[in-house]
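Step one of this worksheet: look at the structure below.
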Amino acid sequence: MSSFQPSLQPPDPPSSFQSSSTAQGQVFASQCDFLLEQNGFSLSERFVVSEVGVEIDRVATSRRGLTYWFEYKGSIQGSRPGLRRTDTVKKAVANGALLKAVPTARPYIVLTSHLPETGAGRAMLDAALDLGYITDVICVYTPDHVSRLAQL
């Protein structure tokens with residue numbers, strides 16, 4: 001298990017919006033990796049499921065020996081971070097639907113910094129969970145959600 005401890009502080013302000021988004025995404029990805037390791041997962045690299053063109057942010061194996069595909073959707077700043085943007089929810093749902101077409105698909109879990117509480121984004125997410133496109137959605141800053149990782 002890695003001894004890496006991600007910083008919970010935002011990075012120094014970058015010079016542009018795009019570089020700021022990239023830096024925040026990297027910080028969030030480090031936090032997700034750390035969280036998975038702390039819950040007993042062995043991490044593998046990113047992976048592209050070429051049959052459907054979907055990139056998996058992290059392939060991880062639980063302490064029980066089961067492999068999961070994780071997608072990271074989050075940031076540490078912004079007016080609508082994580083899955084609070086409907087276009088971000090749509091991308092996660094579309095990825096999950098495409099992955100269902102792959103015979104060797106693994107359970108697909110989305111780790112996010114923020115969830116939509118109401119509205120179209122929440123409805124889309126609930127439907128994707130009900131249809132089995134997404135196995136679970138875990139808000140990494142919500143202890144009740146994070147505890148579900150230990151059950152995998």
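In the set (1) of a type in the set (Asp, Glu); (2) farther than 23 Å from Thr22 by Cβ; (3) assigned to a helix (DSSP H, G or I), Asp87 fails one condition alone, (2).
Only residues that are buried (at least 17 other Cβ atoms within 10 Å of the Cβ) and touching a Lys or Arg at 6+ places or on another chain (Cβ under 7 Å): list them for segment 37-57, please. Spell out how you get there, then give the answer.
Going through segment 37-57, the residues buried (at least 17 other Cβ atoms within 10 Å of the Cβ) turn out to be 39, 41, 49, 54, 56-57.
Correct list: Ile56, Asp57.
Identification of strands (runs of 3 or more DSSP E) wholly contained in segment 14-74 with 2 or more residues that are farther than 26 Å from Thr86 by Cα and at pLDDT 95 or above yields 58-61.
For Arg84, indicate whether it is surrounded by 14 or more Cβ atoms within 10 Å (Cβ to Cβ), under 18 Å from Gln24 (Cα atoms) and modelled with pLDDT of 95 or more. Considered against the rule, which asks whether it is surrounded by 14 or more Cβ atoms within 10 Å (Cβ to Cβ), under 18 Å from Gln24 (Cα atoms) and modelled with pLDDT of 95 or more, Arg84 comes out as no. State yes or no: is Tyr72 in contact with a helix residue (DSSP H, G or I) (Cβ under 9 Å, 6 or more places away or on another chain), more than 17 Å from Gln31 (Cβ to Cβ) and touching a residue at least 40 places away in the same chain (Cβ under 8 Å)? Spelling it out, it is not the case that Tyr72 is in contact with a helix residue (DSSP H, G or I) (Cβ under 9 Å, 6 or more places away or on another chain), more than 17 Å from Gln31 (Cβ to Cβ) and touching a residue at least 40 places away in the same chain (Cβ under 8 Å).
In summary, Val93 fulfils each of the numbered conditions (1) of a type in the set (A, V, I, L, M); (2) more than 16 Å from the chain's Cα centre (by Cα); (3) within 18 Å of Asp136 (Cβ to Cβ) with the single exception of condition (2). Take the residues of segment 113-147 that are assigned to a loop (DSSP other than H, G, I, E, B) and in contact (Cβ under 8 Å) with a residue 60 or more places away in the chain: which is farthest from Val27 (Cα to Cα)? This residue is Thr135.
From Val102, Val110, which residue is touching a strand residue (DSSP E or B) at 6+ places or on another chain (Cβ under 8 Å), in a strand (DSSP E or B) and not basic (Lys, Arg)?
Values: Val102 fails: in a strand (DSSP E or B).
On inspection, the qualifying residue turns out to be Val110.
When Val89 is tested against the conditions (1) over 28 Å from Glu37 (Cα atoms); (2) out of contact with any Lys or Arg (no Cβ under 7 Å at 6 or more places or on another chain), the lone failure is (1).
The values are calculated or read from the model by the stated rules, or taken from the named source; none is laboratory data. Nothing here was measured: the structure is a model prediction, and the numbers come from that model. With ideal geometry, Cβ positions are generated from the backbone for all residues, glycine too; neighbour counts draw on all protein chains shown.
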